[in-house]
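Q: Mind looking over this structure? Questions follow.
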Amino acid sequence: MALLVYKFGGTSVGSAERIKAVADKVKKAHDMGDQIVVVLSAMSGETNRLIALAKQMQAQPTEREMDVLISTGEQVTVALLTMALHDLGCEASSYTGAQVKILTDSSFTKARIRKIDDAKLRKDLDAGKVVVVAGFQGVDELGNITTLGRGGSDTTAVAIAAALKADECHIYTDVDGVYTTDPRVEPKARRLDHITFEEMLEMASLGSKVLQIRSVEFAGKYNVALRVLSSFKEGNGTLITYEDTQMESALISGIAFNRDEAKLTITGVPDLPGVAFKILGPIADANIEVDMIVQNIADDATTDFTFTVDRKDYQRALALLEQTCADLGARKVTGDNTIVKVSIVGVGMRSHAGIASTMFKTLAEEGINIRMIATSEIKISVVVDEKYLELAVRALHAAFELDKISA
Ligand code: ADP
Ligand code: ASP
Ligand code: MG
């Protein structure tokens, strides 16, 4: 008898029929004798619908009220699935995050899980029941409802799997695994049987929304056996592996991209100690996350400084930088919120030279101008104009032969 955590995403519970199909699948697994905890997202589009409604009430609602609102989508699906299971004669109970007691910090809309009380879950499982838990939400020490950031149901599932020491955590979604890149952008993308935990972490943090990054971090920390599979078709999906040995001998495992980038530049900054801090300090104080940072070498005792932020923070960051420009007596501030970041990821990069030059050559041949570059041990990221996103991803996919199965 295995203890399994199954998570179903928005598309998988997007209609009454789909919820019934999930109930069938869960019942089958339960009938085989396994103990099952199900974690659900809201119906697809529901969280966006709720956010749009909130904006009609107030331009900037408080994050606390946002969480009270957007956590409701998951409460609907867990109740409906539990009813569908009852209808099939399968014993089940649904719980909100607060009812389980998924304790989080109080960072509304991006809370972190601190502790999960497994008592209720274990009691129900021991009684032979299926447990259905609302994803994406928790409760803070004061009893406030919190949410875990977009895509957060993945993290709920992995955290519950870790707390219960589950045998496996299955993330059921609308694709049948992790692909070499988003199959919506490159139809020739290939499903990977395995991906290393490190690579998955990079892919998620560089924009592949197939798994929320925190779920991957959690899985790594607690060694959760994690698999991404399709809700709609049979198959083994993609297993996230923790061994350091390469499962596939490819140099590059995947291409990730992020459409939500914006960049800001301040030029003619006096080149003195403390300048980077003076530029980024106010940005950090405003709780704006900075991603890539480039400072040019000065040739006239001034320097240029460029960094990227999430597009939603662009206007705020621009206003802060204008102020810094005036304070520092710098030349000017420019910005661009029509850029994207494209990254290649692979543990094979560690032991092979020439990957960066292949990447740059490929982009040059397509006439794509690279605006910024960042590298780490297992990834190379470039910033390009958003109109080149699809072209860049497909050209790199072909250049690194990601459509071909590696030996
Ligand atoms: P869910 O609602 O089930 O959580 P998501 O939309 O969050 O589903 O994640 C699944 C989507 O992730 C896919 O439909 C796909 O377009 C996208 N995606 C991005 N990168 C990848 C990748 N490398 N492999 C598979 N899917 C990816
Ligand atoms: N419903 C939430 C969202 O759309 C959480 C999730 O689906 O994982 O982001
Ligand atoms: Mg998701």
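The values are calculated or read from the model by the stated rules, or taken from the named source; none is laboratory data. Computed from a prediction, not measured in an experiment: that's the story for all the values here. As a convention, Cβ positions derive from the backbone with ideal geometry for all residues, glycine included, and neighbour counts pool all protein chains shown. With ligands, DNA and RNA removed, areas are computed over all heavy atoms of the protein, side chains included. Shrake-Rupley method; radii C 1.70, N 1.55, O 1.52, S 1.80 Å.
Q: Please verify whether the stretch 60-80 includes one or more residues that are at pLDDT 95 or above, within 16 Å of ligand 3 (Cβ to nearest atom), under 21 Å from LEU4 (Cα atoms) and among the aliphatic types (A, V, I, L, M).
A: Taking every residue of the stretch 60-80 in turn, none turns out to be at pLDDT 95 or above, within 16 Å of ligand 3 (Cβ to nearest atom), under 21 Å from LEU4 (Cα atoms) and among the aliphatic types (A, V, I, L, M).
Q: Inspect the stretch 127-141 for any residue being open to solvent by 50 Å² or more (accessible area, probe 1.4 Å) and touching a Pro at 6+ places or on another chain (Cβ under 9 Å) and give the result as yes or no.
A: Checked against the condition, which is being open to solvent by 50 Å² or more (accessible area, probe 1.4 Å) and touching a Pro at 6+ places or on another chain (Cβ under 9 Å), the stretch 127-141 yields no hits at all.
Q: Within the stretch 138-187, track down each residue that is farther than 13 Å from VAL100 by Cβ and assigned to a helix (DSSP H, G or I).
A: Selection gives SER153, ASP154, THR155, VAL158, ALA161, ALA162.
Q: Same structure, new question: Can you tell me which residue in the stretch 213-227 is nearest to the chain's Cα centre (by Cα), limited to those that are hydrophobic (A, V, I, L, M, F, W, C) and outside any helix (DSSP H, G or I)?
A: Among those residues, the one meeting the criterion is LEU226.
Q: From the list SER15, SER106, SER41, exactly one residue is open to solvent by 30 Å² or more (accessible area, probe 1.4 Å), at pLDDT 95 or above, hydroxyl-bearing (Ser, Thr, Tyr) and under 21 Å from THR155 (Cβ atoms). Which is it?
A: The conditions single out SER106.
Q: Output the number of residues of the stretch 1-20 satisfying the condition of being within 20 Å of GLN35 (Cα to Cα) and more than 16 Å from ligand 3 (Cβ to nearest atom).
A: 6
Q: Considering only residues that are in a helix (DSSP H, G or I) and over 19 Å from HIS170 (Cβ atoms), look in the stretch 202-212 and name the one that is farthest from ligand 2 (Cβ to nearest atom).
A: GLU202
Q: Taking only pairs six or more apart or across chains, which ones have beta-carbon atoms under 6 Å, a first residue in the stretch 111-123 that is on the phi > 0 side of the Ramachandran plot, and a second residue that is among the hydrophobic types (A, V, I, L, M, F, W, C)?
A: Every condition considered, no pair remains.
Q: Scan the stretch 135-154 for residues that are more than 8 Å from ligand 2 (Cβ to nearest atom) and in contact with a Gly (Cβ under 8 Å, 6 or more places away or on another chain) and jot them down.
A: GLN137, GLY138, VAL139, ILE145, THR146
Q: Could you run through the stretch 52-78 and say how many residues are in a helix (DSSP H, G or I) and exposed (fewer than 14 other Cβ atoms within 10 Å of the Cβ)?
A: The qualifying residues number 5.
Q: Just one of VAL275, VAL228 is of a type outside the set (Lys, Arg), away from ligand 1 (no atom under 16 Å from the Cβ), at negative phi and crowded, with 16+ Cβ neighbours inside 10 Å; which is it?
A: VAL275 is the lone residue from the list that is of a type outside the set (Lys, Arg), away from ligand 1 (no atom under 16 Å from the Cβ), at negative phi and crowded, with 16+ Cβ neighbours inside 10 Å.
Q: Do you know which residues across the stretch 164-197 are open to solvent by 40 Å² or more (accessible area, probe 1.4 Å), within 16 Å of ligand 3 (Cβ to nearest atom) and in contact with a helix residue (DSSP H, G or I) (Cβ under 6 Å, 6 or more places away or on another chain)?
A: ASP174
Q: Here is a follow-up. Please enumerate the residues belonging to the stretch 79-99 that are in a helix (DSSP H, G or I) and in contact with a strand residue (DSSP E or B) (Cβ under 6 Å, 6 or more places away or on another chain).
A: ALA79, LEU81, THR82, LEU85, GLY97, ALA98, listed by residue number.
Q: Let me ask you something else. Can you tell me how many residues in the stretch 142-163 are within 16 Å of ligand 3 (Cβ to nearest atom), open to solvent by 20 Å² or more (accessible area, probe 1.4 Å) and not small (Gly, Ala, Ser)?
A: Number satisfying all stated conditions: 1.
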